[in-house]
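A.B. asks: First, the structure itself, so that you have it in front of you.
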Amino acid sequence: MNAFDTMRGELKHSIDQQMLYEENRKELIASISHDLKTPITSIKGYVEGIRDGVASDEEKMDKYLEVIYHKSNDLDKLIDDLFLFSKLDLNRLPFDFKTVSAKRFFEDSGDEIRMDATKQGFEVNFSNALSEEMTLCVDQQQFKRVITNIVSNAVKYSLDKKKIDIAVTASESMITMAIRDYGKGIEAEALERIFEKFYRVDQARNMDIGGSGLGLAIAKQIINRHEGSIRAESVLGEGTTIYIEIGRADINHE
Ligand code: ADP
């Protein structure tokens, strides 16, 4: 191949890349506009209802205010998630990595999950098979955010069986955390896409239960920064398990 062909090839690649970015940006803006618009439309509707005297008695008024409050909260959370995702995406979020005891870190995380989830009526089974010498290099706050996002999904998409099993295990060089729920599960085609930004299995219904569609995309970004991996297994109607795997810091990975 001569120099001209090489140059032409490179140019084409660069144009394709640019078009891909542009497409991505357009999709992002469309999703964001839609997701912001929906709660705002509903808030506006309720405020108009109050203004026009539809909320005639105190009970109705309380109900209207409650909806407005919840929708504003959803909006607030969505905007926080958007900021965070975009900072992660642009690599502008500084990470504060520290080497910590793995056993201790997961025990603390387990305690926090148990506290939150039991408040919501969940039984949490936690097993930690790590030994004292194992360490991890993590940004504890960000890593805990990943765990929180996963557990909050386990709660959100639960059915009657309000139970979460968490198991932390170690292999020669890795540590794996498995978070299993007994909720509605995810069908195979959707399972491949749940870590994509704004992807929701059931678009309309999931918006109602307050999902930004960014929780797992944020989780994936954070785990990538830890040079780890995250994946899901699921059986429809039976439940989902999310696995996070990260390298041990007390082992030389060369
Ligand atoms: P959301 O904010 O909508 O929950 P996520 O990025 O956290 O967004 O998850 C993406 C989608 O994956 C969800 O909308 C939901 O459809 C599906 N999902 C995630 N976790 C679970 C789970 N534990 N059980 C069933 N479905 C899940």
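The values are calculated or read from the model by the stated rules, or taken from the named source; none is laboratory data. No experiment lies behind these values; they were computed from the predicted model shown. With ideal geometry, Cβ positions are generated from the backbone for all residues, glycine too; neighbour counts draw on all protein chains shown.
A.B. asks: Could you run through the stretch 67-114 and say how many residues are more than 16 Å from the ligand (Cβ to nearest atom), in a helix (DSSP H, G or I) and touching a residue at least 24 places away in the same chain (Cβ under 8 Å)?
C.D. replies: Result for the stretch 67-114: 10.
A.B. asks: On the basis of being within 9 Å of the ligand (Cβ to nearest atom), aliphatic (A, V, I, L, M) and either in contact with a Leu (Cβ under 6 Å, 6 or more places away or on another chain) or assigned to a loop (DSSP other than H, G, I, E, B) (or both), does ILE186 make the cut?
C.D. replies: The answer is yes for ILE186.
A.B. asks: Looking at (1) within 30 Å of GLU245 (Cβ to Cβ); (2) surrounded by fewer than 16 Cβ atoms within 10 Å (Cβ to Cβ); (3) free of Cβ contacts under 8 Å to residues at least 60 places away in the same chain, which one does LYS63 not meet, given that it meets all the others?
C.D. replies: (1)
A.B. asks: Of the conditions (1) within 17 Å of the chain's Cα centre (by Cα); (2) surrounded by 14 or more Cβ atoms within 10 Å (Cβ to Cβ), ASN128 satisfies every one except a single condition; which number is it?
C.D. replies: Just one mismatch for ASN128, condition (1).
A.B. asks: Any residue at all in the stretch 202-210 that's part of a loop (DSSP other than H, G, I, E, B), within 11 Å of the ligand (Cβ to nearest atom) and without any contact (Cβ under 8 Å) to a residue 24 or more places away in the chain?
C.D. replies: Taking every residue of the stretch 202-210 in turn, at least one turns out to be part of a loop (DSSP other than H, G, I, E, B), within 11 Å of the ligand (Cβ to nearest atom) and without any contact (Cβ under 8 Å) to a residue 24 or more places away in the chain.
A.B. asks: If LEU28 meets every condition in (1) under 26 Å from ARG200 (Cα atoms); (2) without any contact (Cβ under 8 Å) to a residue 60 or more places away in the chain; (3) among the aliphatic types (A, V, I, L, M) apart from one, which number is that one?
C.D. replies: Failing condition for LEU28: (2).
A.B. asks: Further question: Can you find even one residue in the stretch 136-152 that is more than 26 Å from LYS77 (Cβ to Cβ), away from the ligand (no atom under 13 Å from the Cβ) and touching a residue at least 12 places away in the same chain (Cβ under 8 Å)?
C.D. replies: yes
A.B. asks: Checking the structure you have, find out if any residue of the stretch 154-176 is of a type in the set (Asp, Glu) and within 12 Å of the ligand (Cβ to nearest atom).
C.D. replies: no
A.B. asks: Please work out which residue is surrounded by the fewest Cβ atoms within 10 Å (Cβ to Cβ), limiting yourself to the stretch 73-102 and to residues that are at pLDDT below 95 and polar (S, T, N, Q).
C.D. replies: Applying the filter and picking the extreme gives ASN91.
A.B. asks: If you don't mind, another one. Taking PHE143 as the residue in question, decide whether it is outside any helix (DSSP H, G or I) and among the aromatic types (Phe, Trp, Tyr).
C.D. replies: No, not satisfied.
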